[in-house]
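We did not get these values from a lab; they are worked out from the coordinates using the rules stated. Everything numeric here is computed off the predicted structure, so don't read it as measured data. Neighbour counts run over all protein chains shown; Cβ positions are idealised from the backbone, glycine included.
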Amino acid sequence: MFATLAAPQPSLPLDLIAAIQDLKRELNAVILAHYYQDPAIQDVADYIGDSLGLSQQAARTEAEVIVFAGVHFMAETAKILNPDKLVLLPDLAAGCSLADSCPAEAFAAFKAQYPDHWVISYINCSAEVKALSDIICTSSNAVKIVRQVPADQPIIFAPDRNLGRYVMAQTGRQMVLWEGSCIVHETFSERRILELKAAYPTAEVIAHPECEEAVLRHADFIGSTTALLNYAVTSKASTFIVVTEPGILHQMQRRTPEKTFIPAPPQDQTCNCNECPFMRLNTLEKLYLCMRDRRPQIEVPEEVRQAALKPIQRMLELS
């Protein structure tokens, strides 16, 4: 009989937060975190935001190192905007189901069927799909950007069909939609929302536009994660049913501790499917290790980066 030895575990400091702060000063680094990250990561970040805000911060930062506590396409966007800077992602496996639903080769073939269409791609896509696009958007600015496209210009919208349908309803524009979706926002069901509304009749329902249309029809307010946060702070309501990834509740509770926030459950209550499994791959320990070891590093081939940069810059200009 042979004993199986456990793999050695990396040594970690007793005070992770202090060690991360020390490394931040040593590296001249900035930590950018998405609202869907674990609360411990949000608390140590220099900036917390949604995809638009994070892109804007990445574009203007003077830090030499960008540590992106989010998912792969977000760190890629930071690298596209900052080719000469070191961009780190705590866990390379932190991908995105929506980005994965739109492979670049398949999308290129789809785009070829509509040669006269402009491509507006949601930022939740790979660098290669961005490179095939004319303009990038986020859930914060998608409606605003589509409204600025000439009325006679046909549009392909990718990769999220639910956000695309929402934008079409808001703008009155017909668009060709790529059939992609987010596994988290697709877990919310109309039945569960109605059950919560019955249990909390005075609560306001606030929802992300990546949700299915049947869920959105019951929302009192629809918006990006930043818009949902701002609405929760300014609304006179005291109770909210929040239909998006529950990581945003940490900031809602911090900003308005006197209010009650109820995370909408997934249709299958035996799982934590309303939590993004990719966002939650990042941990405080991995954040420290990636800064200590200067890896995993995000790289984007220069040809792809140059092509993807143009539609991102158009988004930032139009925002």
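Brief remarks follow.
- The ellipsoid equivalent to the alpha-carbon distribution of region 75-149 has semi-axes of 23, 16, 12 angstrom, derived from the gyration tensor eigenvalues as √(5λ) and listed largest first.
- Shown here are the Rg and Dmax of the Cα trace of region 146-265, at 15.4, 49 Å.
- Ranking 226, 51, 61 by how far each Cα lies toward the positive end of the dipole of the chain (charges on Cβ) leaves 226 at the top.
- Cut-off 13 Å between beta-carbons: net charge of the residues surrounding residue 42, Lys and Arg +1, Asp and Glu -1: -2
- Across region 140-153, rounded Karplus estimates of 3J(HN,Hα) from the backbone phi angles (6.51 cos²θ - 1.76 cosθ + 1.60, θ = phi - 60°) give 6, 10, 4, 4, 4, 5, 4, 5, 8, 7, x, 4, 8, 9 Hz, Gly and Pro being marked x.
- Distant-in-sequence amide H partners of residue 183 (H built 1.01 Å from N, under 5 Å): 97, 98
- Cα→Cβ-extended label distance, 7 Å offset, between residue 218 and residue 114, nm: 3.1 nm
- Assigned charges on the beta-carbon of Lys, Arg, Asp, Glu; region 1-104 dipole about Cα centre (debye): 140 debye
- Packing-based order for 274-281, 106-113, 242-249, 173-180, using average beta carbon neighbours within 10 Å, highest first: 242-249, 274-281, 173-180, 106-113
- Taking N as its residue count, the alpha carbon Rg of region 80-236 over 2.2 N^0.38 Å: 1.14
- Its Cα gyration tensor gives the chain an equivalent ellipsoid. The semi-axes, each the square root of 5 times an eigenvalue, are 31, 27, 19 Å from largest down.
- Here the scattering of region 156-205 is modelled by Debye summation over its C-alpha atoms, one equal scatterer each and no solvent; at q = 0.20, 0.32 Å⁻¹ the log10 of I(q)/I(0) is -0.77, -1.08.
- Fully extended contour minus Cα-Cα distance, from residue 170 to residue 297, at 0.36 nm per residue: 41.8 nm
- Most to least packed among 34-41, 258-265 [average Cβ atoms within 10 Å]: 34-41, 258-265
- Averaging Cα coordinates gives a centre for region 246-319 and one for region 129-155; these two points are 22 Å apart.
- Percent breakdown of C-alpha pair distances by 5 Å bin, ordered from the shortest bin, for region 1-107: 2, 11, 19, 21, 17, 11, 7, 5, 4, 2, 1, 0
- In a reduced charge model with +1 at each Lys and Arg Cβ and -1 at each Asp and Glu Cβ, the chain shows a dipole moment near 560 debye about its Cα centre.
- Under-5 Å amide H pairs with residue 218, H placed in peptide plane, nonlocal only: none
- Structure-based [θ]222 nm, the chain - -39500 (n - 2.57) summed over DSSP H runs of at least 4, per residue, nearest 500: -11500 deg cm²/dmol
- Share of pairwise Cα separations in region 188-319, more than 20 Å, in percent: 58 percent
- A simple charge model with +1 on the Cβ of Lys and Arg, -1 on the Cβ of Asp and Glu and nothing else charged puts the dipole of region 129-183 at about 140 debye relative to its Cα centre.
- Vicinal HN-Hα couplings computed from phi for region 248-258 (Karplus, 6.51 cos²θ - 1.76 cosθ + 1.60; Hz; Gly/Pro x): 5, 4, 4, 6, 4, 5, 5, 6, 9, x, 7
- For region 40-57, putting each phi into the Karplus relation 6.51 cos²θ - 1.76 cosθ + 1.60 with θ = phi - 60° gives couplings of 4, 6, 4, 5, 9, 6, 7, 9, 10, x, 8, 4, 5, x, 5, 5, 5, 5 Hz, in residue order, rounded to whole numbers and with x for Gly and Pro.
- Simple spin-label estimate for residue 25 and residue 148 in nanometres, 7 Å along Cα-Cβ: 4.1 nm
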